Amino acid sequence: MKHQNGRKKLNRKSSHRTAMLRNQTIHLINNGFLQTTKVRIKEVQKIAEKLVTVARKGYDFNTIRRVKQALPYDQKAVEKLIKEIAIKYVDRPGGYTRVIPLGRRESDTAQIARLEWV
């Protein structure tokens, strides 16, 4: 049975959640790191790892199409992912990112973490 194997809802409607996770993935690609709550980090990590796995195949039509499907509104991030980031991980079987815990936020004691490329 596949109970409780879905995504976290993050207290957002599906359209807002999708847009938020896409934006955070683009931020990770452009800046090399992302600092937010641990639950969001884990969701962004799933997306980013799958995108790198797709992008490792190289700069061809099908790869661009599949990455654009996940990140439709930032062409620069798509090109950077395929041409710069994915090239580093061609020989690596997985685990392209690392999560560094940073403690708790003072205002609401949410766990904060940093996601970065290995």
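Miscellaneous remarks
- ³J(HN,Hα), Karplus 6.51/-1.76/1.60, whole Hz, each residue of region 80-94, x for Gly, Pro: 5, 4, 6, 8, 10, 6, 5, 4, 5, 10, 4, 8, 8, x, x
- Quick note on region 14-117: its Rg to Rh ratio, both from C-alpha atoms and Rh being the Kirkwood radius, is 0.99.
- Subset of 42/80; 13/76; 13/88; 2/46 violating a 29 Å alpha-carbon distance limit: 13/88
- Here, region 78-118 yields an orientationally averaged convex hull projection of 3.9 nm² when only Cα atoms define the hull.
- Karplus-derived HN-Hα couplings along region 26-43 (A = 6.51, B = -1.76, C = 1.60, θ = phi - 60°), whole Hz, x at Gly and Pro: 4, 4, 4, 5, 6, 9, x, 8, 8, 10, 7, 6, 5, 5, 5, 4, 5, 6
- Given 14 as the ceiling on other Cβ atoms within 10 Å, longest exposed-site-free region of the chain for trypsin sites (Lys or Arg not before Pro) in DSSP loops: 58-104
Every number in this text was worked out from the coordinates using simple rules, so none of it is lab data. Quantities reported herein were computed from a predicted structural model and do not represent experimental measurements. Positions of Cβ are backbone-derived with ideal geometry, glycine not excepted, and every protein chain shown enters the neighbour counts.
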